[in-house]
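Each remark here refers to the structure printed beneath this line.
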Amino acid sequence: MSQNVLAETLEIEKLIAEFPSVMRVELLGHVGSQEQQFPSYCLSIGSQDPQAPVLGWVGGVHGLERIGAQVVIALLRSVLQMQLWDESLQQTLKKVRLFFIPTVNPWGIYHKRRSNAAGVDLMRNSPVDGIGEIPYLLGGHRYSNKLPWFRGNEMQMENQILLQGILKQILGSKFSWTVDVHSGFGWQDQIWFPFAYSKEPFADLPYLHRFKSFYEATHPYHFYKIEPQSYQTHGDVWDYFYLEMQKKQQRFMPLTLELGSWNWLKKNPLQVFSKEGFFYPFQSHRQKRILRRHWTLFDFMIRMTASFEKWADLDADQLELSRAHAMELWYEKK
Ligand SMILES: [Zn+2]
């Protein structure tokens, strides 16, 4: 068995060495193949109170979409640097916990594969079965791990340690949410929320609508499309975890940030012939632009996490009104 080094892991370990007293480091485990194992880390900063509101960022679930892992590491670096001197962030971190799991599928990143070493698509791998119109193959299947979007027969180690890691961060928290960064679908950066398994609106819809309204009022020129996941699948890990957290009455909202990559191709059409074609921005100026582009959202979400009582503690009337707006916007007009 050999240990292989991923550039992203090196970057994480550099940050660990640079900020030993600020950042808590948890090695979630080693994952990969029998021959090649890679570490998977969870880095956290801020309040250690179990009840503190929590915001988490996750990346590298699909190995080919490694820009997601890099975005998460870039945000971690920025926040670590900023807390050195920014008093308002220091105050915020006294009441908020932030965590980062940047490389969920390091074997996939290393080998430029969407799946893990067992050929399993980690975002089709939970026990949740889709209902309604699930796209053939793309929606997840159990025919063969030689085909893309294979669900696998049991929860993969990458997902087990991911969910255990998140549970430790959020259990008991008064308000928690996560952003899982992907790339490869669409012209525009999209923020998706559950469900993937069905077109049913989920219970926390009113809060998503509040989040969207507040974000748009604050940043009217933002570039995200905020909506339910655009196609249905089996085995979505966030659906599964969300439903599990509901059973525990744990407040938790999983968001997916899908970086729209089709523009990268339009500007660099030859990229379509490479393996990473649809999923990774090749030109370094484009990479840099993507790495700096999401700070506004991240900063806004940190503030929203700290002040969740102001927008996410709703009485029955506010809930009903917000749900009605959300239904009209996302479900009833289509
Ligand atoms: Zn993905």
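Here are the numbers for the structure shown:
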read-out: The stretch 47-67 residues that are aromatic (F, W, Y), paired with ones that are assigned to a helix (DSSP H, G or I) (beta carbon under 7 Å, 6 or more apart); value: W57/V72; W57/L75
read-out: Residue in the stretch 164-172 that is at pLDDT 95 or above, within 22 Å of N105 (Cα to Cα), open to solvent by less than 10 Å² (accessible area, probe 1.4 Å) and touching a Cys at 6+ places or on another chain (Cβ under 7 Å) present; value: yes
read-out: Failed criterion for R77 (all others in (1) at pLDDT 95 or above; (2) among the basic types (K, R); (3) buried (at least 19 other Cβ atoms within 10 Å of the Cβ) hold); value: (3)
read-out: Boolean, H234 is in a loop (DSSP other than H, G, I, E, B), over 24 Å from V120 (Cα atoms) and in contact (Cβ under 8 Å) with a residue 12 or more places away in the chain; value: no
read-out: Selection within the stretch 145-185 - over 22 Å from M245 (Cβ atoms) and touching a residue at least 24 places away in the same chain (Cβ under 8 Å); value: N145, K146, P148, W149, F150, G152, S183, G184, F185
read-out: Among the residues listed as S78, S44, the single one being more than 13 Å from the ligand (Cβ to nearest atom), among the polar types (S, T, N, Q) and under 11 Å from F99 (Cβ atoms); value: S44
read-out: Unique match (being part of a loop (DSSP other than H, G, I, E, B) and basic (K, R)) among K212, K199; value: K199
read-out: Residues satisfying the stated conditions in the stretch 153-184, i.e. assigned to a loop (DSSP other than H, G, I, E, B) and away from the ligand (no atom under 16 Å from the Cβ); value: N153, E154, M155, L171, G172, S173, K174, F175
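The values are calculated or read from the model by the stated rules, or taken from the named source; none is laboratory data. This one's a predicted model, so the numbers in the text were calculated from it and none came from an experiment. Positions of Cβ are backbone-derived with ideal geometry, glycine not excepted, and every protein chain shown enters the neighbour counts. Areas reflect the complete protein model, heavy atoms only, side chains present, ligands, DNA and RNA absent. Shrake-Rupley method; radii C 1.70, N 1.55, O 1.52, S 1.80 Å.
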